[in-house]
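Have a look at the structure below before the remarks.
The values are calculated or read from the model by the stated rules, or taken from the named source; none is laboratory data. Everything numeric here is computed off the predicted structure, so don't read it as measured data. Cβ sites come from the backbone with ideal geometry, for glycine too, and all protein chains shown count toward neighbours. With ligands, DNA and RNA removed, areas are computed over all heavy atoms of the protein, side chains included. Shrake-Rupley method; radii C 1.70, N 1.55, O 1.52, S 1.80 Å.
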Amino acid sequence: EGRTSVLSPASTPGSYGGGGAFSPTSVGSNGMGGSKPPLSSNTSTLNTNNAAPPPPPPPPNTNSNKPQQHRQVLFRHPYPLPPPPPLPRQDAIIISSHSAPEKNINIKWVEPDNDLAQLIEAAGEEYNLVRRSNACGALKVLASKDSNKPKLCRTTGLLDVLVKASWDDAVDSDALDGRTRAVTTIFYLSEPKDNRLIVAKHPHVLQVLVKVIQEDTGEARWRATSALATLAKTPGNRGGMGRVDDLATVLGDLLVVGQQRKDMAPPGKEGGDAKGSGKDGAKKDGGGGGRESREDDNSTLLQGDESGTRGGTKSFDTMDDERMLTHTFTGTFTDGTGTTFSEDLTYQSAYDSDTHSDEGDAEGSDVEDDGTEGEDYGSDPDGSVQEEEGVEMQISSLKKLNIENASDFLAKSQLSACATLTHLSKHCANAPVLCRNDGLLDNIIFLAGVFDSPLHTRCIEMLCNFTRFPSNNARLAGMPRAIETLLLCGKSKIGEDRMWSIRTIQNLCSDASSKVGLATGPMLSLLSTAAMRKDHEEQHAAVGALMNLSTEPGSIVPLTNTKTVVATLVHLAHSPNTPGAVRMIACDALATIGLWLQTLASTGTMPEEMRFSPLPTHEATGWLRWEVEEEEEEKKEEKGGSEKIKSDDEVSF
């Protein structure tokens, strides 16, 4: 009720923000010596010197049974009314204005030569799983070479057979091996920027990657999450990926696998396992070399990508990677050494019969490592194993590898899944969809509070990206667990954690319906502390949050009651070391607080019989001060008054 009475003058016609004309009587009488009109012409609150004098007070009320009449206080000079908060735009309008239209890509498909056509046909084998597995391995070798990736991605039918090999359930060791190699091939083909739009726009690639993540727990799941993270680095793919069924839910569930949930446990008490496995997984390459490290870096690219957010000046959704793919590739496939790679009798014998020669088995096992992890993936060291026995030994080793390295594969998969969700949250159309996913949001908030988790900082960043969409703020501000997590993260010793947390709070404070609930003692103390830090981005976000809260009249009492808020704003407004933008916001916040205090004073009333005195009176008060009585006597004599004020102890003779 108090807020309604304060805001009601601003909603009348002609008030600031209402589109009305200025009052002629207010021009030139704003008390600042200039001819600028005040920001509002509401005469019920903005008083001017030119206003008609109030009527003389009626005689004192001698009948105590009659209610006393009251009148509203008047001000000596006009002041601008704070405008009402503007209504946010509709979600559809916001999305359309911040989402670039999807570009059509002109792909010039390449027909495979005879050898490659045989590999594609064998990779799509439905019944001979051994033949399919070896064919997928050969394609993996070809796709591991950077010079082959552009042409392979545009080869007719190649992506189709890779999707088929990945889609089939891993009912036995051969199917598992074929799926792992096919998914790895998809990941390799997704690495070049010019390939990502082609791979992501395939009608079934994204769905099969989600299916693999749901069903697999080993290397195939890691490769699938790495492929999704790589595809999500291109802004043009994020909108389509956000519309894939169950993609966000599956990735969100993967983030908390192996995490022991505790309701808001204190920092350092949970997430220790995730930290150990995540860091070990990031450092260990399973005995591999440079490529494994590069793949992990690409799949978990959480900073410094094409649409980085750290600088604050670069757009979140640049379209640098969305280039028209009108060129074609006619070069031959090479093995990376300059010689032509030909599928000779080694592959012919492998696909034309059910037996495998020594050379064929060596090729089929070597493709598992592509130069980095051959031993770990169960390749035969001497190459002497033949026919089905060698294949079974190899696949059994692959299963054993998945079991022995389950923690490493899980940690890498979680990093890649977190990278994918972080990229998707930067897309405007995805933010409301992801924030409305209750399971995903709960997992992100949970991990944001697990300070030992390697996903901790990225989860805070995702929360910040959610708050960039206005309609998400009321939902997040109404979640006590989210607010408590942000308060904890805002006190972190890691600067990036504090920055994302304060930015999130700043966006939450921009929601008109949430300002009163957010203006609490702990929140205001946190913002005051952050505003005094030396990091300019954190300082700017903290002062911006205080400015947002100052625009709500219901927040004025908490703002003025908290010890450090006003003192912090005054210091920032006058310190020469404060950045110009921060200083301006601090002055604006102080001015807004002052206006609300004047507005609250203007709603006060006083009895009619009291002497009229426009506010502020600039008079000091005291108890029976003699000098005050003398001043009153002089004033009354100057006005020609006939009455003489006598003190209580004065005696008449």
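Cross-link check: pairs K193/K491; K211/K493; K211/K233 evaluated at a Cα-Cα cut-off of 31 Å; pairs beyond the cut-off: K193/K491; K211/K493.
Rounded if a/c is under 1.5, else prolate if a/b is larger than b/c, else oblate: which is region 444-501, with a ≥ b ≥ c the root eigenvalues of its Cα gyration tensor? It is prolate, given that a/c is not under 1.5 and a/b is the larger ratio. Computed over neighbours whose Cβ is under 13 Å from that of V73, the net charge equals +2, Lys and Arg +1, Asp and Glu -1. For region 167-264, what does the relative contact order come out to in percent, with C-alpha contacts under 8 Å and a separation of six or more? It comes to 27 percent, rounded to a whole number.
Quick one: grab the alpha carbon gyration tensor of region 470-592, order the square roots of its eigenvalues as a ≥ b ≥ c, and give me rounded if a/c is under 1.5, else prolate or oblate depending on whether a/b is larger than b/c. Taking the square roots of the gyration eigenvalues as a ≥ b ≥ c, region 470-592 is oblate. Using C-alpha pairs under 8 Å with a sequence gap of at least 6, the mean separation divided by the residue count of region 85-161 gives a relative contact order of 32 percent.
Counted by Cβ distance under 11 Å from C153, the other residues give a net charge of +2, where Lys and Arg count +1 and Asp and Glu count -1. Taking one quarter of the surface of the C-alpha convex hull of region 551-599 gives a mean projected area of 3.3 nm². Of the whole protein surface, W167 contributes about 110 Å² of accessible area at a 1.4 Å probe radius. The alpha carbon gyration tensor of region 503-575 gives principal lengths a ≥ b ≥ c with a/c of 1.5 or higher and a/b no greater than b/c, which makes the shape oblate.
Given a 1.4 Å probe and the protein chains as shown, S147 ends up with an accessible area of around 80 Å².
Residues in region 219-228 carry Karplus couplings, in order, of 5, 4, 5, 4, 5, 5, 5, 5, 5, 5 Hz; the curve used is 6.51 cos²θ - 1.76 cosθ + 1.60 with θ = phi - 60°, and Gly or Pro positions show x. If you take all other residues with their beta carbon under 15 Å from the beta carbon of Q214, and give Lys and Arg +1 and Asp and Glu -1, the sum is -3.
Once backbone amide H atoms are built at 1.01 Å from N, F75 has N47, L615 as its partners under 5 Å, excluding neighbours fewer than 5 places away on the same chain.
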